[in-house]
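What follows is a short report on a single structure.
Each reported figure results from applying straightforward, stated rules to the coordinates on display, with no laboratory input. The shown structure was predicted, so the numbers you read here are calculated from the model rather than taken from an experiment. No Cβ is skipped: glycine too gets one built from the backbone with ideal geometry, and neighbour counts run over all protein chains shown.
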Amino acid sequence: MVRIAVLISGSGTNLQALIDATKRKYIDGEIVLVVSNRIKAYGLERAKNANIKAECIKDEKLLIERLHEERVDLIVLAGYLAIISEELINLYENKIINIHPSLIPSFSGPGFYGIHVHNAVYKRGVKVSGATVHFVSKEVDGGPIILQKSIDISSCNSPEEIQEKILLNIEHNLLVEAVKLFCDNKLKVENERVQII
Ligand code: GRF
């Protein structure tokens, strides 16, 4: 079974979706470790409630050590707001999955995280937005795209409304689907493109 580590910084609703999907065996994998770089992240409580090891780690050397100790096969960044080093990216090439709350390459790259993404989306007045799940490469939000889904946001009246609409309607399912595909060994990366086999 694929051994999964989930890295978070906040409330962890995406983490919860993964916990639920692994518990009901929809995903053929086990979350063996949850790490937050913020002690107060509510996601740590969610992990403890599910009897999953939950740790606050700020130092990346220590993080890499823990990933090795737990024999982690797949790292999922679910609202993780720290920068991942090149060393870690190389150690887990095409084995780190990130969820980004826009349709990459729009509203992505350095500075586009959390509510900043939706602020820019709202300001630009786009009618459609969405989320993207991708493998992590050295380029911020530039790795091979696994899945994307869009949604009409023309009726949303604030960045917060857009954020909630995308989180609840798209992100949770999209991340679960991508992790399921990885665990079922159905993702093949060729020339920086992901093929679902
Ligand atoms: C999500 O919108 C995710 O895409 C973004 O941060 C948010 C995390 O939400 N990068 P949660 O902690 O999973 O509730």
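Criterion applied to ARG71, ARG24, ARG46 was being of a type in the set (Lys, Arg) and surrounded by 16 or more Cβ atoms within 10 Å (Cβ to Cβ), and the one residue passing it is ARG46. One residue stands out in region 69-115 among those that are at positive phi and of a type in the set (Gly, Ala, Ser): the one that is farthest from the chain's Cα centre (by Cα), namely GLY111. Of the residues making up region 75-103, those that are of a type in the set (A, V, I, L, M, F, W, C) and either without any contact (Cβ under 8 Å) to a residue 40 or more places away in the chain or surrounded by fewer than 20 Cβ atoms within 10 Å (Cβ to Cβ) (or both) are LEU81, ALA82, ILE83, ILE84, LEU88, ILE89, LEU91. Please specify each residue of region 63-84 satisfying the condition of being assigned to a helix (DSSP H, G or I) and either closer than 24 Å to GLU177 by Cα or within 16 Å of the ligand (Cβ to nearest atom) (or both). Matches in region 63-84: LEU67 only.
Taken together, the residues in region 19-62 that are more than 18 Å from ILE83 (Cα to Cα), touching a helix residue (DSSP H, G or I) at 6+ places or on another chain (Cβ under 6 Å) and either within 12 Å of the ligand (Cβ to nearest atom) or assigned to a helix (DSSP H, G or I) (or both) amount to 3. If you go through region 141-168 and keep only what is free of Cβ contacts under 8 Å to residues at least 60 places away in the same chain, within 12 Å of the ligand (Cβ to nearest atom) and either assigned to a loop (DSSP other than H, G, I, E, B) or surrounded by 15 or more Cβ atoms within 10 Å (Cβ to Cβ) (or both), you end up with ASP141, PRO159, ILE162, LYS165. Of the residues making up region 1-18, those that are surrounded by 17 or more Cβ atoms within 10 Å (Cβ to Cβ) and away from the ligand (no atom under 14 Å from the Cβ) are VAL2, ILE4, ALA5.
Residue count for region 169-197, restricted to those that are crowded, with 19+ Cβ neighbours inside 10 Å, touching a helix residue (DSSP H, G or I) at 6+ places or on another chain (Cβ under 8 Å) and part of a helix (DSSP H, G or I): 5. Of all residues in region 170-182, those satisfying the criterion of being of a type outside the set (Val, Ile, Thr) and within 12 Å of the ligand (Cβ to nearest atom) are GLU171, HIS172, LEU174, LEU175.
Suppose we keep only residues that are among the aliphatic types (A, V, I, L, M) and either touching a Pro at 6+ places or on another chain (Cβ under 8 Å) or at positive phi (or both) within region 183-197. Which one would you say is nearest to the ligand (Cβ to nearest atom)? Residue satisfying both the conditions and the ranking: VAL194. Please verify whether TYR113 is of a type in the set (Phe, Trp, Tyr), out of contact with any Phe, Trp or Tyr (no Cβ under 6 Å at 6 or more places or on another chain) and touching a residue at least 40 places away in the same chain (Cβ under 8 Å), treating the condition exactly as stated. No, not satisfied.
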